[in-house]
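Report on the structure given below.
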Amino acid sequence: MTITYPITVHWRQTGRTIRHDVPEGDYILRSFEEQGDPLPFSCRNGCCTACAVRVLAGSIDHREALGLSRELRQKGYGLLCVARATGPLEVETQEEDEVYDLQFGRHFGRGRVRTGLPLEEE
């Protein structure tokens with residue numbers, strides 16, 4: 001018998017709430033697609049923030065989420081493309097730019113990136 005968990009996604013950008021039972025260990029994004037409810041994504045590899053969510057209740061296994069820092073994971077953010085169902089879960093989609101800024105904003109926006117080359121060669 002396959003164990004499944006109820007997964008609820010509050011899709012802020014569309015105003016929809018979607019619920020599906022997802023088999024234990026399955027990728028949440030893929031399972032929702034297979035059940036007729038595709039969610040936002042871009043890379044499917046856990047490297048971008050297009051499928052970013054904030055966990056409202058429960059927890060996820062998203063150790064493959066290379067696109068999120070440990071700090072953001074600890075604050076409850078996850079990436080659905082590489083998140084596996086481990087129990088009941090409720091999440092809310094996030095704006096990609098918002099999560100990207102949380103992740104990288106402190107590194108950008110401070111002028112030109114220096115390469116070490118003389119200015120005329122950059």
Trypsin sites (Lys or Arg not before Pro), loop per DSSP, at most 16 other Cβ atoms within 10 Å - longest free stretch of the chain: 13-43
Length added when fully stretched, residue 13-residue 97, from 0.36 nm per residue minus Cα-Cα: 28.9 nm
Virtual spin-label span in nm between residue 86 and residue 33, 7 Å along Cα→Cβ: 2.3 nm
Only Lys, Arg (+1) and Asp, Glu (-1) charged, at Cβ; the chain dipole about Cα centre in debye: 320 debye
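Around residue 52, what is the net charge, scoring Lys/Arg as +1 and Asp/Glu as -1 over all other residues with Cβ under 12 Å from its Cβ?
Within the 12 Å Cβ shell, the charges total -2.
If you average 1/r across every pair of different Cα atoms in the chain and take the reciprocal, what Kirkwood value do you get, in Å? Before the final figure, lay out each step's value.
Details: mean 1/r = 0.0651 Å⁻¹.
Evaluated on the chain, it is 15.4 Å.
Here, each number is a calculation from the coordinates, and none is a lab measurement. Bear in mind that the values here come from a model prediction, so they are computed numbers and not experimental data. Glycine gets a Cβ as well: all are built from the backbone with ideal geometry, and neighbour counts include every protein chain shown.
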